[in-house]
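Undergrad: My structure is below; once you've seen it, I'll send some questions.
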Amino acid sequence: MTPYIAVFCGSAFGRGDEYAASAKSFARAAVRRGMRVVYGGASVGLMGLVADTVLAEGGEVIGVIPSKLVEREIGHRRLTELRVVETMHERKAGMAALADAFVALPGGLGTLEELFEVWTWSQLGIHSKPCALLNTAGYYDPLIDFLDHAVEEGFVRERQRSTLIVSSDPDELLELLALSS
C-alpha cells in the first residue's frame, strides 16, 4: 500500500528562498519514494508549493480544508482530491486518519500546533506513526534547543523527545521515517 505523509507547513513563503527550495525538494523526494501527500488543502505559501510540486511530479495530493477557508478562496482546486470539512478539528482528524507519518516543514503557529498535537497523540499511545521536522536552514534550531531544555528540566521525557525525527535534508528525513510503498 502506498503510504501517505501528512505535511504541515506555512501558508506563507518565509523570508528566504531556501524555504521554497527545500519544500520543492521535499515534495520531489516524496514522489520519488512513491509517497502520497495529505495536507491542509490551501493554494498559498509553502502549502500550495508542496502540493503543486507533488502534482507536477505526477504524485497524488489530498487536501483537507475547512469550508471557511474555501470561502476565503485559498482552497487548492487542482488536487487529486479536496475534502471540505466544517472545522479545524475535523481537518486535523481527517489528515491524521489518512497519514502514515507526519512532517513539519517551516511554518508558523498552525504548523507548530499541528505537529505538537500529533506528537502528543503518539506520547499518549493514540497512534504510533513517526513525527518529524524538516529543519531547513536551521529554522527549527531554537525549537529543538527548547525541547532539549524541557528534557533537562524534567518536563519532557528523553524517550519522547527522541521520537521526534529531525533532519535538514529531505531525502534523509524521508529515509529516517522508514516508510515503504
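Taken together, the values in this text are just the output of simple stated rules run on the coordinates, not laboratory data. Keep in mind that this is a model prediction, so the values were computed, not measured. Cβ sites come from the backbone with ideal geometry, for glycine too, and all protein chains shown count toward neighbours.
Undergrad: Can you tell me which residues in the range 99-121 are in contact with a helix residue (DSSP H, G or I) (Cβ under 7 Å, 6 or more places away or on another chain) and in a helix (DSSP H, G or I)?
TA: Glu114, Glu117, Val118
Undergrad: Specify which of the listed residues (Arg28, Arg15) is more than 12 Å from Leu105 (Cβ to Cβ), out of contact with any helix residue (DSSP H, G or I) (no Cβ under 8 Å at 6 or more places or on another chain) and of a type in the set (D, E, K, R).
TA: Just a single option satisfies the conditions, and that option is Arg15.
Undergrad: Listed residues Ala96, Ala137; which is in a helix (DSSP H, G or I) and in contact with a Ser or Thr (Cβ under 9 Å, 6 or more places away or on another chain)?
TA: Ala137
Here's the yes/no breakdown for (1) closer than 25 Å to Gly138 by Cβ; (2) over 15 Å from the mean Cα position of the chain (by Cα):
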{"residue": "Val7", "(1), (2)": "yes, no"}
{"residue": "Ser11", "(1), (2)": "yes, no"}
{"residue": "Glu18", "(1), (2)": "yes, yes"}
{"residue": "Ser22", "(1), (2)": "yes, no"}
{"residue": "Val31", "(1), (2)": "no, no"}
{"residue": "Tyr39", "(1), (2)": "yes, no"}
{"residue": "Ala56", "(1), (2)": "no, yes"}
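Undergrad: Within the range 44-54, is there a residue that is surrounded by fewer than 18 Cβ atoms within 10 Å (Cβ to Cβ) and closer than 22 Å to Met1 by Cβ?
TA: no
Undergrad: Any idea how many residues of the range 52-66 are over 19 Å from Ala97 (Cα atoms) and either in contact with a strand residue (DSSP E or B) (Cβ under 7 Å, 6 or more places away or on another chain) or among the charged types (D, E, K, R) (or both)?
TA: 5
Undergrad: Which condition from (1) farther than 16 Å from Glu175 by Cα; (2) touching a residue at least 12 places away in the same chain (Cβ under 8 Å); (3) touching an Asp or Glu at 6+ places or on another chain (Cβ under 9 Å); (4) not acidic (Asp, Glu) is the one that Leu55 breaks?
TA: (3)
Undergrad: Looking only at residues that are assigned to a helix (DSSP H, G or I), out of contact with any strand residue (DSSP E or B) (no Cβ under 7 Å at 6 or more places or on another chain) and not charged (D, E, K, R) in the range 5-25, which one is surrounded by the fewest Cβ atoms within 10 Å (Cβ to Cβ)?
TA: Only one residue tops the list, namely Ala21.
Undergrad: When you go through (1) within 18 Å of Tyr4 (Cβ to Cβ); (2) outside any loop (DSSP other than H, G, I, E, B) one by one for Lys68, which number turns out not to apply?
TA: Only one criterion is unmet by Lys68, namely (1).
Undergrad: Could you check the range 95-115 and list, in sequence order, the residues that are out of contact with any Leu (no Cβ under 9 Å at 6 or more places or on another chain), over 23 Å from Glu18 (Cα atoms) and crowded, with 19+ Cβ neighbours inside 10 Å?
TA: Met95, Ala96, Ala99
Undergrad: If you go through the range 150-181 one residue at a time, how many are surrounded by 13 or more Cβ atoms within 10 Å (Cβ to Cβ), over 18 Å from the mean Cα position of the chain (by Cα) and not in a helix (DSSP H, G or I)?
TA: 1
Undergrad: Hey, another quick one. Return a yes/no flag: does the range 135-145 have any residue that is in contact (Cβ under 8 Å) with a residue 40 or more places away in the chain and at negative phi.
TA: yes
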